[in-house]
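The values are calculated or read from the model by the stated rules, or taken from the named source; none is laboratory data. Note that the structure is predicted; figures quoted are calculated from it, not measured. Cβ coordinates were reconstructed from backbone atoms using ideal geometry, including for glycine residues, and neighbour counts include every protein chain displayed. These area figures cover heavy atoms from the full protein model, side chains too; ligands, DNA and RNA do not enter into them. Shrake-Rupley method; radii C 1.70, N 1.55, O 1.52, S 1.80 Å.
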Amino acid sequence: MSGKGAPIVGGTDATGLDIVVIAGTWHDVITDGLIAGAERTLEAAGADWRLVRVPGSFELPVAAKAALDAGADAVVALGVIIRGGTPHFDFVSNAATDGLTRVALDTGKPVGFGVLTLDDEQQGIDRAGLPGSKEDKGAEAADAAIRTALVLRELREARRRPAGF
């Protein structure tokens, strides 16, 4: 986790975008940090947004699909999955990742991926945008959702313009 190659976050205008942040409730200190990072990014960009909570990361895909089907321009999915001594970690991580990918492809709308898959709690604290954290994955996921929604908007508008304009 060097942080090298991390995207530059911010500097976008998300005015007019409707974004839903969907967050699990496990590991609240880390999750609250992710939410705060997403909130800072969305507020700075001028997006209209709201927070929805679900029990855990496994439930993120179905809630993301419902939000996008209801008209949201993008979703920011935030969750924390910490490896334990059973295969549960692998099942939940794969289901959340595959499910959110499928939602994005099926709806044609962006899903900012802020699901942390961790070996231990300290890794989450280091990535949650908390004081002393090395990274802010909530902010990064929100920024990715904004930037992708803007690209998709631009592509749709370009398709509607007559050639040569």
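What about ALA95, is it more than 15 Å from the chain's Cα centre (by Cα) and at pLDDT 95 or above? Answer is yes for this residue. Criterion first (open to solvent by 10 Å² or more (accessible area, probe 1.4 Å), farther than 20 Å from GLU154 by Cβ, under 12 Å from the mean Cα position of the chain (by Cα) and not polar (S, T, N, Q)) does ILE22 satisfy it? The answer is no for ILE22.
Of the strands (runs of 3 or more DSSP E) contained entirely in the range 46-130, those carrying at least 2 residues that are surrounded by fewer than 18 Cβ atoms within 10 Å (Cβ to Cβ) fall at 48-53.
Taking first residues from the range 69-88 that are under 17 Å from GLY129 (Cβ atoms) and partners that are aromatic (Phe, Trp, Tyr) and open to solvent by 10 Å² or more (accessible area, probe 1.4 Å), the Cβ contacts under 7 Å between residues at least 6 apart in sequence or on separate chains come to ALA77/PHE113; VAL80/TRP26.
A single entry from ALA23, ALA64, ALA95 fulfils the requirement of being in contact (Cβ under 8 Å) with a residue 12 or more places away in the chain and in contact with a Lys or Arg (Cβ under 8 Å, 6 or more places away or on another chain): ALA23.
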